[in-house]
Amino acid sequence: MTSCIIARNLFKRYKSKVAIDNLSVEINENQLIGLIGSNGSGKTTFMKLCAGLIEKTEGELMVLGEEPMDNLSVLEEIVYSYHNMSYESNLCLGRIIEYYNMMYPNFDLKFAENLLKHFNLKMKIKYKNLSQGMRSLFNFICGISCRAKVTMFDEPILGMDIKTRKSVYDIILRDYIEHPRTIIISSHILSELENILSELVIINNGSLVLYEAMDTIKESAYRVDGNPDNLVNFIKDKKVLYKDFSNITSFAIIEGLITESLEIEISTNNLNISRISPEELYIYLTENNYNGGMEELWIKDN
């Protein structure tokens, strides 16, 4: 499979703060990809680097086979859409649409107009007068209509109600099917996204944690609950991603497939096994307190 974004030993520093920390990843082209991480994990910085909006500190970054910074031939094939894009204060939506139509050679003006009508957004409305949810929606419309080879949405659903979010996800999936390209969506709400994604990237503290196909991720780990002594015996030869032995519960998150032999072993140890969602896997992979969970919050000083 061809890579459309290649990062090798990529760093981005802001004075003493390291936003991207030795990140290496090769992102496949023509995939619908979720970019997941907590606030400050480096999602926005990575997207801005790929869009040529900021310059890397060191390392290698290639988008569509070229460095994106100050490269107009590549940048017209990359769109970065943020939920709160900055425009001149008095610009109306129609003028902003005209700007996108001039800047991006594959911009579908008719599609953009259809989306504006569908969501009852008038061309003459000034951008500054939109609510946060409507700004997010308008910026999404501009981004999806560009039909750029690399389309990046940074927290695109901020402020939207659940009905509008559902419509946005449906539009992304349908337009991706109609016009295959690399679409990357950063979000905190993986549970809403997972059914439309083909791949998932997880970053934490500026570094890559996981990049895998969604079908693989859904089968990649499981949870085991039960008596602490039995659980300790069970996990001793397993790859444990997370464990919590607290006063309330004892469980472990383990990498691997649920097989018939595994279920027999679980039954023999009087334990319970269950699948975990991709969102739960993300939480456990990026959890800081590997052995403690939240239990340490209630430990009193002597």
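No value in this document is a laboratory result; all are computed from the given coordinates. Only a predicted model underlies this, so the values are computations on that prediction, with no experimental measurement involved. Quick reminder, even Gly has a Cβ in these numbers, built from the backbone with ideal geometry, and neighbours come from all protein chains shown.
Miscellaneous remarks
- Taking the Cα centre of the chain as origin and assigning +1 to Lys and Arg Cβ atoms and -1 to Asp and Glu Cβ atoms, the resulting dipole is close to 1340 debye.
- DSSP beta bridge pairing in the chain, given as percent antiparallel to the nearest 5: 65 percent
- Candidates Tyr284, Tyr14, Tyr169, ranked by Gaussian network fluctuation over the chain, Cα under 10 Å, top entry: Tyr14
- When the charge dipole of the chain is built from unit charges on Cβ atoms (+1 for Lys and Arg, -1 for Asp and Glu) and taken about the Cα centre, the candidate among Asn272, Tyr99, Ile54 whose Cα reaches farthest toward its positive end is Tyr99.
- The chain: angle of helix 162-178 to the longest principal axis, Cα-based, in degrees nearest 10: 80 degrees
- Cβ-placed point charges (K, R +1; D, E -1), dipole of the stretch 78-228 about Cα centre in debye, nearest 20: 800 debye
- Per-residue Cβ neighbour counts within 10 Å put His83, His179, His118 in the sequence His118, His179, His83, beginning with the fewest.
- Local electrostatic count at Ser24 - Lys and Arg +1, Asp and Glu -1, tallied over other residues with Cβ under 12 Å: -2
- Neighbour-count order for Lys124, Lys238, Lys48, Lys43, fewest beta carbons within 10 angstrom listed first: Lys124, Lys238, Lys48, Lys43
- For Ile78, Ile6, Ile264, order by how many other beta-carbon atoms lie within 10 Å, fewest first: Ile264, Ile6, Ile78
- Fluctuation leader among Asn205, Asn233, Asn269 - the chain, Gaussian network, Cα springs under 10 angstrom: Asn233
- Among Leu49, Leu262, Leu285, residue whose mean-square fluctuation peaks in a GNM of the chain (springs only between Cα atoms under 10 Å): Leu262
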